[in-house]
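Note sheet for the following structure.
The values are calculated or read from the model by the stated rules, or taken from the named source; none is laboratory data. Because the structure is predicted, anything quoted here is derived from the model rather than measured. With ideal geometry, Cβ positions are generated from the backbone for all residues, glycine too; neighbour counts draw on all protein chains shown.
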Amino acid sequence: MRNCRNLLALVVALVFFSPYVNAAAPGWLPFGPNGGDARSFASDPHDKNHLYLGTANGWIYESHNNGSDWKRLARVGRRDDLVLDSIVLDPLKPNHIFVGAWVLGGQVGDLFVSEDAGATWKEVPELKGQSVLALANSASDPKMFVAGTLKGVYRTNDSGAHWTLISPPGSTEIHEVESVAIDPKNPNVIFAGTWHLPWKTTDGGANWTNITSKNGVIDDSDVFSIIIDPVNPGVVYASACSGIYKSEDAGSMFRKIQGIPSTARRTRVLMQDPQHQNIVFAGTTEGLYRTVDSGKTWVRTSGPELIVNDVYINPSDTNRMLLATDRGGVLVSNDGGNSFQPTNNGFSARQITSYVEDSRQPNTIYVGIVNDKAWGGVFVSNNGGLTWTQKNAGLEAHDVFSLGQGPDGSIVAGTRHGIYRLDGETWSKVAKVSLELPVVEEPAVAKPVVARKGARRAPVKAPVKKTVKPPAKPFDGTVFAFTRDGDALFAATSDGVLKSTDSGQSWQLAANPEGHVWYTVAAAKSTVLASSLTTAVLTTDAGKTWTPVSRPSDLTQITAVAVDGFGGLWIGGREGVYLSQDKGASWHVVHNLYVRDVNSIFWDERGQRVLITANSPTTFAFAAHLPDKKVSYWNTGWNLRLVRPVGDHLVGATLFDGIVIQPEMVNSAEVKH
């Protein structure tokens with residue numbers, strides 16, 4: 001009997017939707033919002049204006065104007081979580097590039113090599129699968145490169161044709177190597193900074209000596225960066241979680257440098273001015289510090305909010321310097337580090353979680369950003385996603401998980417700490433939120449009056465039901481989704497489904513949470529569907545009553561819902577997309593969509609279609625056009641979080657790379673990017 005039901009569901013799905021129609025060529029174009037996490041720099045030894053930029057999502061960017069503009073060059077590897085902290089160019093062949101990659105929270109990575117200036121990449125076999133945290137090239141032997149990995153120190157003496165482990169195999173000491181440095185005059189002298197201590201070899205790796213508290217370095221110090229003075233190799237600087245150290249005898253003894261507060265001791269990078277050896281910069285988790293007297297005194301030259309991952313100083317003009325930062329992207333200084341401005345044109349590593357189109361102004365769209373604090377919040381575009389402006393005043397650096405629009409045009413944002421409403425240019429937190437269901441009070445029925453025999457009985461009025469709204473109280477929960485149904489807004493939150501009838505100025509609990517966290521909510525034509533990961537509820541009377549809806553039996557978790565304009569309910573999850581045309585009484589799999597791990601389902605009323613996207617590694621967006629029962633798809637070339645219509649084109653929000661737009665729309669607009 002079960003097989004018969006499955007067969008019937010398959011037949012219904014195949015009849016309902018016709019085969020695929022390929023709607024567009026692959027390769028949607030990225031258009032910001034600019035900024036995000038930038039990790040590392042490298043310069044072309046033959047062209048100082050040609051720079052490379054590594055990111056935290058596997059992308060390599062390049063600039064041909066000294067960092068004023070950036071262009072996506074290539075994605076390194078086949079995953080979107082590779083952190084590219086090390087880029088080194090071959091001084092003998094500038095088209096020959098090495099990139100070290102690792103994965104946050106994992107023990108994997110790779111050493112990648114390109115022979116065509118970064119256009120294409122392949123793994124180095126000897127280090128395949130290893131987390132590569134550091135790379136260096138010898139100034140005196142340009143064919144020699146050194147790599148630091150979780151397993152130890154590797155070296156090549158033939159420009160990367162062969163790599164050999166030069167630290168003791170299986171060493172319990174020289175492993176988890178986060179930084180490396182090569183003596184500029186003697187390639188056999190190599191320093192390696194581990195998660196425990198720095199180490200040194202003077203014979204090319206045959207023997208190693210640890211640098212401990214006996215040498216002035218506090219034991220169990222995670223060594224982030226090591227630099228050697230190119231003019232006087234006896235001067236060595238090292239940064240660790242315990243502070244910054246300096247040696248003036250080639251590493252035999254170190255002394256701890258004072259002047260940088262302990263809260264900023266996670267100094268990810270040290271960089272020496274190539275023309276002025278007395279000037280050294282320290283990029284910390286609390287801004288950029290500078291010394292002009294070889295480490296005796298330090299001054300912070302940026303704001304404390306900056307997390308600095310790398311520093312690049314133009315060797316021809318040392319007043320020109322770039323910072324690679326978390327969240328803020330690339331910053332530029334033209335006065336030696338005294339002041340900085342963003343220089344992110346073309347660089348976007350934004351994590352977009354939410355989207356709303358302004359119903360009053362076509363081509364005006366808002367997107368919500370996570371993990372970028374003061375550099376994130378909300379961005380708005382007035383030209384369909386081609387250019388963006390940050391609009392985060394009043395959001396208090398909160399992540400934005402959801403966006404919606406009220407009947408009066410007001411924009412609302414859902415954060416981890418409540419609901420915010422945009423008033424002009426500033427957001428304000430909504431204070432009027434009641435987390436108690438309305439109580440309907442019925443006055444006691446009056447006793448009937450006994451009339452004397454023959455007398456007329458006085459009429460008794462029916463009791464009047466009165467709905468009592470409980471008082472509002474501060475709401476600090478997480479808001480995952482908004483939807484609009486006529487004049488009402490609904491919000492799926494960690495504390496239940498909320499409803500607003502005044503465009504988001506106040507909210508009332510509409511559905512009892514019953515221990516659930518509500519992640520999704522969608523509406524169309526007076527039907528509202530909300531869900532947690534495991535259950536769903538439906539209302540057709542503006543939230544007055546809710547009916548439980550059983551999720552499809554094959555679906556383990558609900559990750560997306562939609563209500564179409566023809567009465568259909570859509571639910572998606574890891575197993576695929578499911579459709580119900582009887583208010584959730586039964587479900588069938590829309591088999592010919594061939595999509596799994598669904599992350600977004602959206603009813604496009606203007607287009608009369610349902611738009612569907614899925615998590616990595618899928619790069620396709622799907623559309624089920626309901627009037628003619630056709631399914632279309634686009635190979636966007638990107639891992640998408642959602643796709644939405646804007647005018648006559650589609651806009652996609654990526655998992656880590658900002659907004660992407662259909663190429664034919666961009667070409668028709670003749671936008672240069």
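So the check is Cβ under 9 Å with 6+ separation or different chains; which pairs have a first residue in segment 596-616 that's on the phi > 0 side of the Ramachandran plot and a second one that's aromatic (Phe, Trp, Tyr) and surrounded by fewer than 16 Cβ atoms within 10 Å (Cβ to Cβ)?
Filtered contacts from segment 596-616: 608/566.
What number goes with the only condition from (1) over 24 Å from residue 227 (Cα atoms); (2) at pLDDT 95 or above that residue 139 does not pass?
(1) is the only condition that residue 139 fails.
Residues to consider are 322, 288, 306; find the one that is within 24 Å of residue 86 (Cβ to Cβ), touching a strand residue (DSSP E or B) at 6+ places or on another chain (Cβ under 8 Å), in a loop (DSSP other than H, G, I, E, B) and not charged (D, E, K, R). First the steps, then the outcome.
Numbers: 322 fails: in a loop (DSSP other than H, G, I, E, B); 288 fails: in a loop (DSSP other than H, G, I, E, B).
The unique qualifying residue is 306.
Those residues that are surrounded by 19 or more Cβ atoms within 10 Å (Cβ to Cβ) and within 31 Å of the chain's Cα centre (by Cα), I need them from segment 297-313; list them, please. Even if it seems obvious, please write down each step before you answer.
The first filter runs over segment 297-313 and keeps only residues surrounded by 19 or more Cβ atoms within 10 Å (Cβ to Cβ), leaving 298, 302, 306-313.
If the condition is that a residue be surrounded by 19 or more Cβ atoms within 10 Å (Cβ to Cβ) and within 31 Å of the chain's Cα centre (by Cα), then 302, 306, 307, 308, 309, 310, 311, 312, 313 are the ones that fit.
Hey, could you check segment 226-246 for residues that are within 22 Å of residue 138 (Cβ to Cβ) and aliphatic (A, V, I, L, M) and say which is surrounded by the most Cβ atoms within 10 Å (Cβ to Cβ)?
Of the residues in segment 226-246, the ones within 22 Å of residue 138 (Cβ to Cβ) are 226-239.
Now narrow it down to the ones that are aliphatic (A, V, I, L, M): 226-228, 231, 235-236, 238.
On the way: 226: 26, 227: 18, 228: 24, 231: 10, 235: 21, 236: 25, 238: 28.
So the residue we want is 238.
Out of the residues in segment 159-197 meeting the condition of being of a type in the set (Ser, Thr, Tyr) and without any contact (Cβ under 8 Å) to a residue 60 or more places away in the chain, tell me which one is surrounded by the fewest Cβ atoms within 10 Å (Cβ to Cβ). Lay out the reasoning, then the answer.
First, pick out the residues of segment 159-197 that are of a type in the set (Ser, Thr, Tyr): 159, 164, 167, 171-172, 179, 194.
Filter once more, so that each one left must be without any contact (Cβ under 8 Å) to a residue 60 or more places away in the chain: 164, 167, 171-172, 179, 194.
Working: 164: 11, 167: 24, 171: 15, 172: 7, 179: 26, 194: 25.
The selected residue is 172.
Residues being assigned to a loop (DSSP other than H, G, I, E, B), over 29 Å from the mean Cα position of the chain (by Cα) and either surrounded by 23 or more Cβ atoms within 10 Å (Cβ to Cβ) or not charged (D, E, K, R) (or both): count how many of those fall in segment 491-502. Show your work before the answer.
First pass over segment 491-502, keeping only residues assigned to a loop (DSSP other than H, G, I, E, B): 494-495, 501-502.
If we keep only those that are over 29 Å from the mean Cα position of the chain (by Cα) too, we end up with 501-502.
With either surrounded by 23 or more Cβ atoms within 10 Å (Cβ to Cβ) or not charged (D, E, K, R) (or both) added as a condition, the list becomes 501.
Total satisfying the criteria: 1.
What tally of residues in segment 357-382 results from selecting those that are without any contact (Cβ under 8 Å) to a residue 40 or more places away in the chain and surrounded by fewer than 16 Cβ atoms within 10 Å (Cβ to Cβ)?
Of the residues in segment 357-382, 2 are without any contact (Cβ under 8 Å) to a residue 40 or more places away in the chain and surrounded by fewer than 16 Cβ atoms within 10 Å (Cβ to Cβ).
Need at least 2 residues that are of a type in the set (D, E, K, R) and within 26 Å of the chain's Cα centre (by Cα) per element, so show me which strands (runs of 3 or more DSSP E) inside segment 585-660 make the cut, counting only ones lying wholly within it.
Working: elements: 598-604, 609-614, 620-625, 630-635, 640-646, 649-654.
Where strands (runs of 3 or more DSSP E) fall fully within segment 585-660 and carry at least 2 residues being of a type in the set (D, E, K, R) and within 26 Å of the chain's Cα centre (by Cα), they are 640-646.
Is one or more of the residues making up segment 113-123 under 24 Å from residue 208 (Cα atoms), crowded, with 20+ Cβ neighbours inside 10 Å and either touching a Lys or Arg at 6+ places or on another chain (Cβ under 9 Å) or touching a residue at least 24 places away in the same chain (Cβ under 8 Å) (or both)?
Start the filter on segment 113-123 by keeping residues that are under 24 Å from residue 208 (Cα atoms), which leaves none.
No, segment 113-123 contains no residue that is under 24 Å from residue 208 (Cα atoms), crowded, with 20+ Cβ neighbours inside 10 Å and either touching a Lys or Arg at 6+ places or on another chain (Cβ under 9 Å) or touching a residue at least 24 places away in the same chain (Cβ under 8 Å) (or both).
So is residue 561 in contact with a helix residue (DSSP H, G or I) (Cβ under 6 Å, 6 or more places away or on another chain) and either in contact (Cβ under 8 Å) with a residue 24 or more places away in the chain or charged (D, E, K, R) (or both) or not? Reasoning before the result, please.
On the way: in contact with a helix residue (DSSP H, G or I) (Cβ under 6 Å, 6 or more places away or on another chain): no; either in contact (Cβ under 8 Å) with a residue 24 or more places away in the chain or charged (D, E, K, R) (or both): yes.
The answer is no for residue 561.
Could you list all residues from segment 311-348 that are of a type in the set (Val, Ile, Thr) and under 20 Å from residue 72 (Cβ atoms)? Give the steps one after another, and end with the answer.
Our first condition is that a residue be of a type in the set (Val, Ile, Thr); within segment 311-348, this holds for 311, 313, 318, 325, 330, 332, 343.
Within segment 311-348, 325, 330, 332, 343 meet the criteria.
State all residues of segment 184-217 that are assigned to a loop (DSSP other than H, G, I, E, B), within 18 Å of residue 166 (Cα to Cα) and of a type in the set (Ser, Thr, Tyr); if no residue qualifies, say none.
202
Taking segment 362-386 as the search range and keeping residues that are in contact with a Pro (Cβ under 8 Å, 6 or more places away or on another chain) and β-branched (Val, Ile, Thr), which one is nearest to residue 348 (Cα to Cα)?
Taking the candidates together, the pick is 369.
When you look at residue 294, is it of a type in the set (Gly, Ala, Ser), in contact with a Lys or Arg (Cβ under 9 Å, 6 or more places away or on another chain) and surrounded by fewer than 21 Cβ atoms within 10 Å (Cβ to Cβ), yes or no?
Details: of a type in the set (Gly, Ala, Ser): yes; in contact with a Lys or Arg (Cβ under 9 Å, 6 or more places away or on another chain): yes; surrounded by fewer than 21 Cβ atoms within 10 Å (Cβ to Cβ): yes.
Spelling it out, residue 294 is indeed of a type in the set (Gly, Ala, Ser), in contact with a Lys or Arg (Cβ under 9 Å, 6 or more places away or on another chain) and surrounded by fewer than 21 Cβ atoms within 10 Å (Cβ to Cβ).
Just the residues that are within 35 Å of the chain's Cα centre (by Cα) and in a loop (DSSP other than H, G, I, E, B), please, taken from segment 218-228.
Correct list: 220, 221, 222.
Across segment 406-425, what is the total count of residues that are surrounded by fewer than 20 Cβ atoms within 10 Å (Cβ to Cβ) and either in contact with a Leu (Cβ under 9 Å, 6 or more places away or on another chain) or not in a strand (DSSP E or B) (or both)?
Matching residues across segment 406-425 total 8.
Pairs please, first residue from segment 476-504 and farther than 21 Å from residue 366 by Cα and in contact (Cβ under 8 Å) with a residue 60 or more places away in the chain, second anywhere and small (Gly, Ala, Ser) and surrounded by 20 or more Cβ atoms within 10 Å (Cβ to Cβ), Cβ atoms under 6 Å, 6+ apart in sequence or on different chains.
Pairs found: 495/477; 496/511; 498/491.
Taking the stated definitions as given, is residue 222 on the phi < 0 side of the Ramachandran plot, touching a residue at least 24 places away in the same chain (Cβ under 8 Å) and out of contact with any Asp or Glu (no Cβ under 9 Å at 6 or more places or on another chain)? Break it down into steps so the answer makes sense when it comes.
On the way: on the phi < 0 side of the Ramachandran plot: yes; touching a residue at least 24 places away in the same chain (Cβ under 8 Å): yes; out of contact with any Asp or Glu (no Cβ under 9 Å at 6 or more places or on another chain): no.
In short, no.
When residue 388 is evaluated against the numbered criteria (1) surrounded by 17 or more Cβ atoms within 10 Å (Cβ to Cβ); (2) at positive phi, which criterion, by number, is the only one it fails?
The single condition residue 388 does not satisfy is (2).
If you take just the strands (runs of 3 or more DSSP E) that sit entirely in segment 513-575, which of them hold at least 2 residues that are of a type in the set (S, T, N, Q) and under 20 Å from residue 613 (Cα atoms)? Talk me through it step by step, then tell me what you get.
Details: elements: 520-524, 527-531, 536-539, 547-549, 560-563, 569-573.
The strands (runs of 3 or more DSSP E) meeting that bar number zero.
Test residue 536 against the criterion of being within 10 Å of residue 485 (Cβ to Cβ) and either small (Gly, Ala, Ser) or at pLDDT 95 or above (or both), and give yes or no.
Numbers: within 10 Å of residue 485 (Cβ to Cβ): no; either small (Gly, Ala, Ser) or at pLDDT 95 or above (or both): yes.
Spelling it out, it is not the case that residue 536 is within 10 Å of residue 485 (Cβ to Cβ) and either small (Gly, Ala, Ser) or at pLDDT 95 or above (or both).
Would you point out the residue of segment 507-530, among those that are of a type in the set (Ser, Thr, Tyr) and modelled with pLDDT of 95 or more, that is surrounded by the fewest Cβ atoms within 10 Å (Cβ to Cβ)?
Among them, the one singled out is 527.
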